[in-house]
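These notes are about the structure you will find just below.
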Amino acid sequence: MRSAKDFFRPLAAGAPQPLREITVRPSRMIHFFPAANEKMRSKVPDMAAQVDVLLANLEDGVPASDKEAARDGLVEVGKAWSATDTQLWTRVNSLDSPWALDDLTAAVTEIGDKLDVIMIPKVEGPEDIHYVDRLLAQLEARAGLEKPLMVHAILETAQGVARVEEICGASPRMQGLSLGPADLAANRRMKTTRVGGGHPGYLVREDPDADDAEAPRATFQQDLWHYTISRMVDACVMHGILPYYGPFGDIADTTACEDQFRNAYLLGCVGAWSLHPAQIPIAKKVFSPDPADVAHAQRVIEAMGDGTGAVMLDGKMEDDASVKQCRVIVDLAQELSARDPELAELYGFEGAAS
Ligand SMILES: CC(=O)SCCNC(=O)CCNC(=O)[C@H](O)C(C)(C)COP(=O)(O)OP(=O)(O)OC[C@H]1O[C@@H](n2cnc3c(N)ncnc32)[C@H](O)[C@@H]1OP(=O)(O)O
Ligand SMILES: O=CC(=O)O
Ligand SMILES: [Mg+2]
């Protein structure tokens, strides 16, 4: 185990000073695009204008025959990258693959000054993060980078879930975690065949009618991901990093996608992955607080004065704890408004364009 004192010393001579706080920037959607695809790369300036995070994907979803082309595509996109408000991330191949070392080397030494975050898939425990931490420090030193890259882990193995707190606390580079429901389902031997979302077979049924055993009984579909998302959120908050829901594969089912994203938002996630342009506005809507909630939260904050005690508002008791919840909503609305003038206007914040 490293001593707490060593935690903020660079892991290689010449590497930048480790971060003391992660930089929190809007990241309502992490938009995936296949970096090997030339047509997709030509859309990068347009996509960058619409999303908070644009992610060049090198891992699953990219055929083995395209892995080098995807890496070259990432470098091409990074070299041309000029968007200042939008973050550029990449997802490299898993650490046990033949491509991970070259992915990390190219990402850091060729475009490390343009990248914000590197997403590492299939993280099993803190040792995976320690390996990446040291390697990134060596590569950053070689590239002469002044700012350390941040690391985002995908929670998509049973072992990763069992060790989630250790993963979150493994390095000052840790920026956040995403739930990877597709790989996690496979690894856990769940009997689903989907990329995220619910399943009609996972349900509870109401009790039989005492007078009519044959009467139909209502069923209620349950949330397959509630436990894992809640566990992930707690681990992230404990370590001051950010939790995200991952992919929703049924692109045509925009309603269920919105539901899944909203469940994650309500449980504490700050964003989700968008795999297709149709999912970008869904993530934007869901992960931006509702204007009515912002207005209500502002009223509670106003009514609570110094934030202590208890008051009645619209027949409901508000106190120190509810005002803290309201501040979460208003702080998020303000943070997002700084990037999005349309939102600032919707929320009625001062200085919003009229
Ligand atoms: C479990 C996991 O690991 S999830 C992460 C891995 N998977 C991914 O990253 C998948 C990312 N998404 C994609 O590759 C694509 O969306 C696909 C393959 C799923 C579907 O692509 P298509 O069949 O082209 O979808 P569709 O025909 O609806 O596309 C409509 C338009 O949107 C574009 N488009 C589709 N996906 C994207 C995207 N992710 N980013 C930008 N543009 C996109 C298409 O190029 C097409 O553009 P055009 O009208 O100019 O021709
Ligand atoms: O990588 C994501 C997943 O769901 O698997
Ligand atoms: Mg996966």
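Before moving on, here are some points about what is shown:
- Single condition C236 does not satisfy, out of (1) within 13 Å of ligand 1 (Cβ to nearest atom); (2) under 21 Å from W89 (Cβ atoms): (1)
- A single member of L95, L177 is within 14 Å of ligand 3 (Cβ to nearest atom), surrounded by fewer than 23 Cβ atoms within 10 Å (Cβ to Cβ) and closer than 23 Å to G246 by Cβ, and it is L95.
- I154 in contact (Cβ under 8 Å) with a residue 60 or more places away in the chain and either under 21 Å from the mean Cα position of the chain (by Cα) or surrounded by fewer than 23 Cβ atoms within 10 Å (Cβ to Cβ) (or both): yes
- Looking across region 257-312 at every residue that is polar (S, T, N, Q) and not in a loop (DSSP other than H, G, I, E, B), the one that is nearest to P34 (Cα to Cα) is identified as S274.
- Boolean, L149 is modelled with pLDDT of 95 or more and within 16 Å of ligand 3 (Cβ to nearest atom): no
- Within region 271-287, the set of residues being small (G, A, S), away from ligand 3 (no atom under 16 Å from the Cβ) and surrounded by 15 or more Cβ atoms within 10 Å (Cβ to Cβ) comprises G271, A283.
- Criterion: within 11 Å of ligand 1 (Cβ to nearest atom) and at pLDDT 95 or above - qualifying residue of F261, F287, F248: F248
The values are calculated or read from the model by the stated rules, or taken from the named source; none is laboratory data. These figures come from a predicted structure and were not determined experimentally. Cβ atoms come from the backbone with ideal geometry, glycine included; neighbour counts cover every protein chain shown.
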